[in-house]
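What follows is a short report on a single structure.
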Amino acid sequence: MKTHINRVTGVPLEPRAALGNFDKTTQSYTLYAGSGGAVRQKKELAQVLGIDPEKVRVLSYDVGGNFGTRNRVFVEFGLVMWASKKIGLPVKYRADRTEAFLTDYQGRDLVTEVSLAIDANGKFLAMRANNLSNVGFCCVSLSPLSKGSGLVTGSYDIPLLLLRSRAVFSNTMATQAYRSSGRPEVTFAIERLIDKAARQIGIDRLDLRRKNLVKPSQMPYTNAIGSTYDSGEYEINMDKALLLADWQGVEKRRAQAKARGKLLGVGFANYVESSIGFPKERVDLIVREKHIEVVIGTQPAGQGHETSFSQVTADLLEVSFEQVFITMGDTNIVSAGGGTHSGRSLRHASTALAYAAIDLKVRAKNILAAVLGVLVDEIEFERGLFVHGPSKTQVDWFELLRLAQRSELPADLQGGIQVRRDNEMHTPVFPNGTCICEIEIDPQTGALAILNYATVDDVGRCINPMIVHGQTHGGIAQGVGQALWEQCFIDASSGQPLSCSFMDYAMPRFDNLPSFKTEIAQVLSPTNPFGIKAGGEGGTTPALAVIASAVEDALMPICGPIEIPMPITSVKIWTALDAARKNKEGLL
């Protein structure tokens, strides 16, 4: 099977903008710009300008959308800084929407050719995959190609693999990691291949999947390319999703749709994706007069990090949620950290917070022991209080800070109640799940309506279910958008981009998506203290495959086996139906 996964772009709510200012007095630069990681961009810009990183300050606060688009430095960021020094004034750049469509980093654009060897019992024996990634006019990132390459076998136990992965330059905008970098492409390939294989060898598509899924007893499981899946219950995900989507009632609903002159189709896809990202994270925990300040290097673009990080900190230090204050996005305060990408933020942040909380409690006990002149071993931390049993002293974090400020302390305990903790994690985690989509097609017009969409996503430990569900909903919309409407269309003969506005680039809307049925599975990962995997990209990963599967299922009675290139527009559907009708009538 050979297919092309179409090129799309992030379409952030706010087009990119940057303001640069050079201070002659300090000979330093300040940049205000939305990004996925202010610390990393500070270092990159300093290198571009050939200056000491300490002479660069980057401020990135509320970012109006990212999805990978803003994780790399844009040319204009360095230019406004350079120009400010040149003319002695602050310099601002703001892209309009057409400029964003033309020159934002784009995503996907992979040609993949896959084949599968299966024995007489339906067991997968071997797979061959040939992936060709269009990286554009320059190589900004090979993340989509490499991450996808590590997961070409998907959720299945395929012992042998022949893989060839290549990147090619072209006269297009550069591609970059775009939500679930590389994984929707390879998930599309393996899941569609399994649908076709099931039909060709006469095995039910669900039974064929069950026969070959990686089992919990095989975890941790190393696939044929060397990626080690940390944990998961793939078949249980399937069962939950089938129940959630009322799979047993599909044929009844298909008959009802037919009676109304419609074609009903149901798509199915399993997925596994990976999360690692930049391995280093730093957190500072500082007890202030009335709150705990958390300074951390990862930062949000609307994912609710402030809420989740505050929840974790409040639980660890046993203070109220309202007593935690998160500081991010200013490189004069935030000294290190990897930013937000690859579903890394909560896993890295919570791990660093867990270790930092231990350090902070130890320091606090030592301070109280010095203040009271007692042994450290006589002090316990209970329900947010430091308790010295013999003297019946009980103080909370903030009372302890006041005591420390009024006391003569040894040199090593001076400087307040604060700690800094660096942490590195090089072991990836592998979120996974199952997705089912039910659609209806009007054969007279090709119009497609999504009736039901159900997912089960194993995110490891879920800190905030509301945020995870929101991430899943957004991820689904993003994947479905690519499958049905979105495309950076480029004229093949001239290289001219033709989708440069919302008149030419269709986006999903609230009125063409249903209310999603989403369920969170929590199989804890053994790789970190909280067992967190990731929850930001699972909605996107299987969406391309499940939509294409549903469309093929709906069109099967008229068109037979068919693969319509994405985006699967109504015009393409109607054209396929029209060609099938004419062929049956002997007109072709």
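Coordinate-derived values only; no laboratory data. Only a predicted model underlies this, so the values are computations on that prediction, with no experimental measurement involved. Cβ atoms come from the backbone with ideal geometry, glycine included; neighbour counts cover every protein chain shown.
Could you grab the relative contact order for region 17-94? Cα pairs under 8 Å, six or more apart, rounded to a whole percent.
44 percent
Run the helix sum for the chain: -39,500 (n - 2.57) per DSSP H stretch of 4+ residues, divided by residue count, reported at 222 nm to the nearest 500 deg cm²/dmol. List each step's numbers first, then the result.
Numbers: 14 runs with 189 residues, N = 588.
So the calculated ellipticity at 222 nm is -10500 deg cm²/dmol.
Please report the antiparallel percentage of the DSSP beta bridges confined to region 17-94, to the nearest 5. Please list the in-between numbers first.
Values: 10 of 14 bridges.
Among the beta bridges of region 17-94, antiparallel pairing accounts for roughly 70 percent.
What does the convex hull of the alpha-carbon atoms of region 213-310 project to on average, in nm²?
12.2 nm²
If we count every other residue with Cβ under 12 angstrom of Trp574's Cβ, Lys/Arg +1 and Asp/Glu -1, where does the sum land? Could the numbers behind the result be given before it?
Numbers: positive: Lys572, Arg581; negative: Asp442, Asp578.
Neighbour charge sum, excluding Trp574 itself: 0.
Tell me which trypsin sites (Lys or Arg not before Pro) from region 352-423 have a DSSP coil assignment and no more than 16 other beta carbons within 10 Å of their own. Intermediate values should be presented prior to the final figure.
Working: sites: Lys361, Arg363, Lys365, Arg383, Lys392, Arg402, Arg406, Arg420, Arg421; in loops: Arg383, Lys392, Arg406.
Qualifying residues, ordered by number: Arg383, Lys392, Arg406.
Calculate the all-directions average of the projected area of region 1-45's alpha-carbon convex hull, and give it in nm².
Details: hull surface 21.4 nm².
Seen from a random direction, the Cα hull of region 1-45 projects 5.4 nm² on average.
What do you get for Rg/Rh of region 17-94 when both radii come from the Cα atoms and Rh is the Kirkwood radius? Numbers along the way, then the final one.
Numbers: Rg = 11.6 Å, Rh = 12.3 Å.
Answer for region 17-94: 0.94.
Which aspartates and glutamates does Lys572 reach when only Cα atoms under 16 Å apart count, and residues fewer than 8 places away in its own chain are ignored?
Hits, sequence-local ones excluded: Glu440, Asp442, Glu486, Glu552, Asp553, Glu563.
Between 0 and 90 degrees, rounded to the nearest ten: what's the tilt of helix 345-372 against the longest Cα principal axis of the chain?
Between the helix axis and the principal axis of the chain, the angle is about 20 degrees.
Can you tell which of Leu317, Leu401, His348 lies farthest toward the positive end of the dipole of region 280-424, using +1 and -1 charges on the Cβ of basic and acidic side chains (Lys, Arg; Asp, Glu)?
Of the listed residues, the answer is His348.
From the Cα trace of region 280-424, what convex hull volume per residue do you get, rounded to a whole Å³?
108 Å³
Restricting to DSSP loop positions (anything but H, G, I, E, B) with no more than 15 other Cβ atoms inside 10 Å of their own Cβ, which trypsin sites (Lys or Arg not before Pro) remain in region 281-357?
Loop-located and lightly packed - Arg288, Lys290.
Which of the lysines could a cross-linker bridge to Lys290, judged by Cα under 20 Å and excluding same-chain residues fewer than eight apart?
Lys361, Lys365
Helix 234-244: angle to the longest alpha-carbon principal axis of the chain, degrees 0 to 90, nearest 10?
Value to nearest ten degrees: 70.
Percentage of Cα-Cα pair distances in region 471-588 greater than 17 Å, rounded to whole percent?
Roughly 68 percent, once rounded to a whole number.
Nearest 5 is fine: what % of DSSP beta bridges in region 280-424 come out antiparallel, could you say?
Among the beta bridges of region 280-424, antiparallel pairing accounts for roughly 85 percent.
Which pairs in the list Lys43/Lys280; Lys258/Lys584; Lys24/Lys55; Lys92/Lys280 are over 22 Å apart, alpha-carbon to alpha-carbon?
Pairs exceeding the cut-off: Lys92/Lys280.
Separation of region 183-228 and region 230-249 by C-alpha centroid, Å?
Taking the Cα centre of each part, region 183-228 and region 230-249 sit 15 Å apart.
Region 76-165: which trypsin sites (Lys or Arg not before Pro) are DSSP loop and have at most 15 other beta-carbon atoms within 10 angstrom? Each step should come with its number before you reach the end.
Details: sites: Lys85, Lys86, Lys92, Arg94, Arg97, Arg108, Lys123, Arg128, Lys147, Arg164; in loops: Lys123.
Qualifying residues, ordered by number: Lys123.
Answer with one residue from Gln522, Pro561, Pro53: the one whose Cα lies farthest towards the positive end of the charge dipole of the chain, charges on Cβ with Lys, Arg +1 and Asp, Glu -1.
Pro561
How big is the gap, in Å, between the Cα center of region 471-493 and the Cα center of region 302-368?
About 34 Å separates the Cα centre of region 471-493 from the one of region 302-368.
Report the antiparallel proportion of the DSSP beta bridges in the chain as a percent, rounded to a multiple of 5. The partial results should precede the final answer.
Details: 72 of 96 bridges.
Antiparallel bridges: around 75 percent, rounded to the nearest 5.
Say a site is exposed when it is one of the GluC sites (Glu not before Pro), sits in a DSSP loop, and has at most 13 other Cβ atoms within 10 Å; what is then the longest site-free stretch of the chain?
Longest stretch, sites excluded: 1-288.
With just the Cα atoms defining each centre, how far is region 94-146 from region 1-67? Give it in Å.
Centre-to-centre distance over Cα atoms comes out at 25 Å.
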